[in-house]
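Student: What follows is a single structure, and I will ask about it in a moment.
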Amino acid sequence: MPQPPLSITFKKFVSSEQASGIVLLLCTLASVTIANTPVGPQYLSFWETNVFGLSLTHAINDALMAVFFLLIGLELEREFYVGELSDLKSALLPVVAAVGGMLAPALIHYLLNRGGAAQAGFGIPMATDIAFALVVLTVLGNRIPPTLKVFVVAFAVIDDLGAILVIAAFYTASLSMWHFGGALLVFFALVVLNRFLRIMSVTPYLIGGALMWFLMFKSGIHATIAGVLLAFAIPFTAKAEDEASPSHRLEHLLHKPVAFIVLPVFALANTGVIIGSGWFHELFSANSAGITLGLVLGKPLGVTLFCLIAVTVGLCRLPSDLQWPHLVGAGLLGGIGFTMSIFITNLAFVGHPEVIDASKIAILLASLLAGILGYAWLRVFGKPGTTE
């Protein structure tokens, strides 16, 4: 049975993410290179510049990245309403893949670091970087079925949702219930504007979202969570390409700024790692091994095994043009952690810069290896119509 053509919105999304991945790669290479030149100390100190009482890096990770999480939330909202997650049977396979792709890497890291100082890093290998994964799929071109891109985006978006929940649950140092309660009150007020008053202007939601971000920031829960909550408070109409939908308009508006400003600036601020003389030995530490094995081995293992079990018991089924080799390849590409992995690293090891740097090196190398393995696997086994 032939698959329906990809939606216009999805094609726009893929196009922007592809370009974003290339820009991200260039910014990462530039940041790592500059950090290891004679001007490296000045470059790194620039990102520690004080901005309203926060370092520039902290401001980027708390404020600018809230815009990224808003976009992630809007993409999730679209998927739930009209995308790959709108139908239960269609949604189950990427959901199962995402669950397996989160649990297996987290378990590997936890088992290697249980009871140690690096145990908090279990969330680092859980998420997938959509931009880099789509760059690899784009290079593969017609060697893979179009449905594979939809599947990868769907399970990667759910991965990000899982990572967001992990951040909220496990990486909150202290909690102010008054501020948190205030943030929730703002969220419910925005839901009332949407569901009951039918306010379709984006402006009141953005104003309310800014207030919710501030209250969430003061509560101790990572302020970027406000971006996801805001996304689900903004009205979404049932038509996939309805330009009148506030959610659709805002998602379209944010794609390029997030792809070409927010994520590249995040990469520049967070990947300036000084590669010291003992960096190679650090790769064999329990923490670095947990990150590397979690991303490179845990991701494909979790994705494939959980999907195999779900299909075997009849919980869901493979799309007609996807075969098991495609899911293995998708799992390998899921090991490209990068953005979310680095983000969680900064939260997991606050006050331990040497552990943060070692973790980032492991993330970069593991993501590179996962991308190479995923590309090689799908180039050989990813041709549409491949048999089991």
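The values are calculated or read from the model by the stated rules, or taken from the named source; none is laboratory data. Source: prediction; values computed, not measured. Here Cβ is always computed from backbone atoms with ideal geometry, including for glycine, and neighbour counts include all displayed protein chains. The area values use the complete protein model at the heavy-atom level, side chains included, leaving out ligands, DNA and RNA. Shrake-Rupley method; radii C 1.70, N 1.55, O 1.52, S 1.80 Å.
Student: Suppose R0 equals 45 Å; then what is the FRET efficiency for Lys383 and Phe80 from their Cβ-Cβ distance, rounded to the nearest 0.05?
Tutor: Approximately 0.90, to the nearest 0.05.
Student: Go through Lys89/Lys299; Lys299/Lys360; Lys218/Lys299; Lys299/Lys383; Lys218/Lys360; Lys149/Lys256 and tell me which ones have a Cα-Cα distance over 25 Å in this structure. All intermediate terms of the calculation are to be shown ahead of the outcome.
Tutor: Working: Lys89/Lys299 23 Å; Lys299/Lys360 18 Å; Lys218/Lys299 34 Å; Lys299/Lys383 22 Å; Lys218/Lys360 27 Å; Lys149/Lys256 20 Å.
From the list (Lys89/Lys299; Lys299/Lys360; Lys218/Lys299; Lys299/Lys383; Lys218/Lys360; Lys149/Lys256), the Cα-Cα distance tops 25 Å for Lys218/Lys299; Lys218/Lys360.
Student: Where does each of 98-108, 25-35, 130-140 land if you order them by average Cβ count within 10 Å, highest first?
Tutor: On the way: 98-108: 24.6, 25-35: 16.9, 130-140: 23.0.
Output ranking for 98-108, 25-35, 130-140: 98-108, 130-140, 25-35.
Student: Take each uninterrupted DSSP H stretch in the chain, measure its Cα extent along the helix axis, and return the ones at 30 Å or beyond whose mean Kyte-Doolittle hydropathy is at least 0.0.
Tutor: Helices meeting the criterion: 8-35, 88-113, 146-170, 353-381.
Student: With the other protein chains left in place, how much accessible area per residue, in square angstrom, belongs to the chain at a 1.4 angstrom probe? Could the numbers behind the result be given before it?
Tutor: Details: 16860 Å² over 388 residues.
Here the per-residue accessible area is 43 Å².
Student: Modelling each spin label as a point 7 Å along the Cα-to-Cβ direction, I'd like the Ala117/Lys89 distance in nm, to one decimal.
Tutor: Each label point is offset 7 Å from its Cα along the Cβ direction, giving 5.4 nm.
Student: Once the piece of chain linking Leu206 and Ser176 is laid out straight, how much longer is it, given 0.36 nm per residue of separation minus the C-alpha distance between them?
Tutor: 8.5 nm
Student: What is the percent of Cα-Cα separations in the chain that go past 29 Å?
Tutor: 41
Student: How many angstrom separate the Cα center of the stretch 345-362 from the Cα center of the stretch 268-282?
Tutor: 10
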